[in-house]
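What follows is one structure encoded as structure tokens, with my remarks underneath.
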């Protein structure tokens with residue numbers, strides 16, 4: 001290769017290098033950008049109330065509290081209680097103040113009144129057959145019937161008849 005060719009070749013290589021360098025320095029047209037949609041960032045705060053968990057322990061089984069009631073002696077016959085006549089022109093009685101009486105199981109509920117008069121005083125409540133009543137006052141005579149002031153097991157105090165002479169609705173319990 002001749003010197004002229006070598007010079008030509010060196011000139012071509014230099015031109016190419018210069019062209020490459022200049023092409024890298026020139027600004028190329030900016031690409032067109034399409035508008036980007038707004039970015040929506042969703043955050044959620046979750047609040048949960050947590051209760052402390054207590055480790056289970058041996059819990060005693062519930063026990064029922066006995067309701068104090070008068071117990072009727074199984075061998076007591078209410079008709080064996082002595083009969084007496086506490087008031088003139090009134091039927092006989094087997095009860096006394098302080099006794100616990102039971103409403104006869106063979107009768108209807110016994111009306112307990114606000115007053116002593118069995119025909120005119122309003123019935124306030126009823127004592128069902130088998131209910132126990134405490135005799136707290138009396139006796140009084142109302143239209144020939146013996147009337148007692150009684151206290152029910154739930155604490156109500158009122159007047160009720162013992163019987164009409166043929167049938168007795170309140171029976172002694174022997175207590």
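Of the residues making up region 153-175, those that are more than 15 Å from residue 81 (Cβ to Cβ) and surrounded by fewer than 19 Cβ atoms within 10 Å (Cβ to Cβ) number 9. Scanning region 71-96 for residues that are within 40 Å of the chain's Cα centre (by Cα) and either surrounded by 15 or more Cβ atoms within 10 Å (Cβ to Cβ) or within 20 Å of residue 144 (Cα to Cα) (or both) returns a single hit, 72. Annotation: residue 110 fulfils all but one of (1) at pLDDT 90 or above; (2) loosely packed, with under 15 Cβ neighbours inside 10 Å; (3) closer than 23 Å to residue 144 by Cα; the unmet one is (2). Quick one: is residue 139 closer than 15 Å to residue 95 by Cβ, touching a residue at least 24 places away in the same chain (Cβ under 8 Å) and over 42 Å from the mean Cα position of the chain (by Cα)? The answer is yes for residue 139.
The values are calculated or read from the model by the stated rules, or taken from the named source; none is laboratory data. Remember, predicted model here, so these are calculated numbers, not experimental data. All Cβ positions, even for glycine, are placed from backbone atoms using ideal geometry, and neighbour counts span all protein chains on display.
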